Each structure stands twice: as structure tokens, then as C-alpha cells.
Amino acid sequence: MCEPESIIDLKVLIMGTDEAADLWGISQAQVKRLSREGKCNATLIGKTWVLQRGQVNPSKKNKKDVDQ
């Protein structure tokens, strides 16, 4: 059985669409669309999208690619 000290706090690794929307300055619906389209690192668990924390806003990443 795992000791409590060895359990990783998942909030350090993942975030919800609401938090991603706040961090990226876009709507929660846009985050869900980007997740569905595979443009960000996200997993659908039931009806909830869970995103990897620390990733760059995929909308801004695409705009940089177009500018270059």
C-alpha cells in the first residue's frame, strides 16, 4: 500500500478547462474545442476534459507559426 507522502498531488500535473481558459485568456468552450481537435494535450474522462498543466496556449502557438 502507498504511503501518503508518495502520492503525487494531481493538481500539480493537471488542470480543468476552466483553469486553462483563465490562464490562456480564452473561453472554456474554446478550450474544449481545442481539446476535441487534438490541438492541446488533453484527455476526456467521462464528460470532463483534463489538460496537462504547463502547456502553451495552442491558439498563440499557431499564430506564431503563421507569422514565421
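The number of residues in the stretch 33-50 that are within 16 Å of Lys60 (Cα to Cα) and either surrounded by 15 or more Cβ atoms within 10 Å (Cβ to Cβ) or in contact with a helix residue (DSSP H, G or I) (Cβ under 8 Å, 6 or more places away or on another chain) (or both) comes to 4. When you scan the stretch 15-26, do you find a residue that is modelled with pLDDT of 85 or more, over 8 Å from the mean Cα position of the chain (by Cα) and of a type in the set (Gly, Ala, Ser), even just one? There is at least one residue in the stretch 15-26 that is modelled with pLDDT of 85 or more, over 8 Å from the mean Cα position of the chain (by Cα) and of a type in the set (Gly, Ala, Ser).
Residue-by-condition table, conditions (1) under 10 Å from the mean Cα position of the chain (by Cα); (2) modelled with pLDDT of 90 or more:
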position	(1), (2)
Gln30	no, yes
Leu34	yes, yes
Ile45	no, yes
Pro58	yes, no
Gln68	no, no
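The values are calculated or read from the model by the stated rules, or taken from the named source; none is laboratory data. This structure is a prediction, so every number in the text was calculated from the model and none was measured. Positions of Cβ are backbone-derived with ideal geometry, glycine not excepted, and every protein chain shown enters the neighbour counts.
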